[in-house]
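Engineer: Below is one structure. I have some questions about it.
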Amino acid sequence: MISTYYNFNTQSFTGYKQVSISKLEKYLKEGKTVKEIAVLLDVSDGTVYNLMRNFNIKKPQTRNGENVGNIMNNIANQKMTLAQMIRITGLSKYAIVKWYKEQFSATPKTLQKQELLTLLQSDLTNKEIAEQLNININTIKANRQKYKLSNKERKKASLMNKILEKLQQGMDRMQIAQEVGVSYSTVNKYLRTQK
């Protein structure tokens, strides 16, 4: 353990500040984050990283697989981006993605995309989807265009499904038109596109 002090200029008129390297190592072994250490030592995060690099101090691996599981189980059901999970848990991107792959056989991004596509295909409005996923409504609109799931196209697909369902029930085209609430020519048009 290095028991030395590092003097650095604080860019103030008070001169130099001393940082105990042994305290830095002790805080790291206790599992404190760099942000927490910076507050305790009254320095910036960058200074802590620089000291770790200059004195070749490695952050100890305090979290084992079981702890990662416990931490991730507490937040996995919350709607968070990968960056938010990293910030809240203090875990690395690698640890979080690895846990997701073990638990769900997919990365967080893949699961979020699947959930988004499912919601885009539902009858929910853009605002409802944005609130449910805790993302910006413009992101929903952009994804509707990207995946060609606009309200107009979604309504067409829904109408097509209703027409096909009635057709499978044995109804003729006139009965389907009356049942679904569209004209006979609309039913013909939709069925021609299916061929």
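Engineer: Can you pull out the residues in the stretch 150-177 that are charged (D, E, K, R) and either under 33 Å from the mean Cα position of the chain (by Cα) or assigned by TED's automatic domain parsing to the domain that holds Thr118 (or both)?
Structural biologist: Lys152, Glu153, Arg154, Lys155, Lys156
Engineer: Continuing with the same structure: Determine, yes or no, whether Ile88 is modelled with pLDDT of 85 or more, closer than 30 Å to Lys109 by Cα and not charged (D, E, K, R). Working first, answer last.
Structural biologist: Values: modelled with pLDDT of 85 or more: no; closer than 30 Å to Lys109 by Cα: yes; not charged (D, E, K, R): yes.
Against the criterion (modelled with pLDDT of 85 or more, closer than 30 Å to Lys109 by Cα and not charged (D, E, K, R)), Ile88 does not qualify.
Engineer: Given the options Thr186, Thr118, name the one that is more than 30 Å from Ala76 (Cβ to Cβ) and not assigned by TED's automatic domain parsing to the domain that holds Asn73. Quick ask: steps written out before the conclusion?
Structural biologist: Values: Thr118 fails: more than 30 Å from Ala76 (Cβ to Cβ).
Checking each option against the conditions leaves just Thr186.
Engineer: Additional query: When the stretch 138-186 is examined, which residues are found to be at pLDDT 85 or above, loosely packed, with under 14 Cβ neighbours inside 10 Å, under 22 Å from Leu120 (Cα atoms) and not basic (Lys, Arg)?
Structural biologist: Within the stretch 138-186, Asn138, Ala142, Gln145, Asn161, Glu165 meet the criteria.
Engineer: Taking into account only those residues within the stretch 180-195 that are among the β-branched types (Val, Ile, Thr) and in a helix (DSSP H, G or I), which is farthest from Lys162 (Cα to Cα)?
Structural biologist: Thr193
Engineer: Can I ask one more? Step by step: first the residues of the stretch 77-101, then only those that are among the charged types (D, E, K, R) and over 23 Å from Lys35 (Cβ atoms), then the one that is surrounded by the most Cβ atoms within 10 Å (Cβ to Cβ). Which residue is that?
Structural biologist: Out of the qualifying residues, it is Lys98.
Engineer: Just wondering, is there one or more residues in the stretch 34-52 that are in contact (Cβ under 8 Å) with a residue 24 or more places away in the chain, on the phi < 0 side of the Ramachandran plot, of a type outside the set (Val, Ile, Thr) and out of contact with any His (no Cβ under 8 Å at 6 or more places or on another chain)?
Structural biologist: The answer is yes, given that some residue of the stretch 34-52 is in contact (Cβ under 8 Å) with a residue 24 or more places away in the chain, on the phi < 0 side of the Ramachandran plot, of a type outside the set (Val, Ile, Thr) and out of contact with any His (no Cβ under 8 Å at 6 or more places or on another chain).
Engineer: Turning to a different aspect of this structure: Would a scan of the stretch 102-113 turn up a residue that is among the polar types (S, T, N, Q), within 23 Å of Met72 (Cβ to Cβ) and surrounded by 15 or more Cβ atoms within 10 Å (Cβ to Cβ)?
Structural biologist: Yes, the conditions are met somewhere in the stretch 102-113.
Engineer: On to the next question. Filter the stretch 88-117 down to the residues that are part of a loop (DSSP other than H, G, I, E, B) and either in contact (Cβ under 8 Å) with a residue 60 or more places away in the chain or farther than 23 Å from Gly31 by Cβ (or both) and list them by number. Write out each step before concluding.
Structural biologist: Just the residues of the stretch 88-117 that are part of a loop (DSSP other than H, G, I, E, B), to begin with: 90-92, 105-107.
Matches in the stretch 88-117: Ser105, Ala106, Thr107.
Engineer: Any idea how many residues of the stretch 35-51 are crowded, with 18+ Cβ neighbours inside 10 Å and assigned to a helix (DSSP H, G or I)?
Structural biologist: Restricting attention to the stretch 35-51, the residues satisfying the condition of being crowded, with 18+ Cβ neighbours inside 10 Å are 37-38, 41, 43, 47-48, 51.
So of that shortlist, the ones also assigned to a helix (DSSP H, G or I) come out as 37-38, 41, 47-48, 51.
Of the residues in the stretch 35-51, 6 are crowded, with 18+ Cβ neighbours inside 10 Å and assigned to a helix (DSSP H, G or I).
Engineer: Next up: Just checking, which of Met85, Met174 is of a type in the set (A, V, I, L, M, F, W, C), assigned to a helix (DSSP H, G or I) and closer than 30 Å to Gly31 by Cα?
Structural biologist: That would be Met85, the only listed residue that is of a type in the set (A, V, I, L, M, F, W, C), assigned to a helix (DSSP H, G or I) and closer than 30 Å to Gly31 by Cα.
The values are calculated or read from the model by the stated rules, or taken from the named source; none is laboratory data. This one's a predicted model, so the numbers in the text were calculated from it and none came from an experiment. Note: ideal-geometry Cβ built from the backbone for every residue, glycine included; neighbour counts use all protein chains shown.
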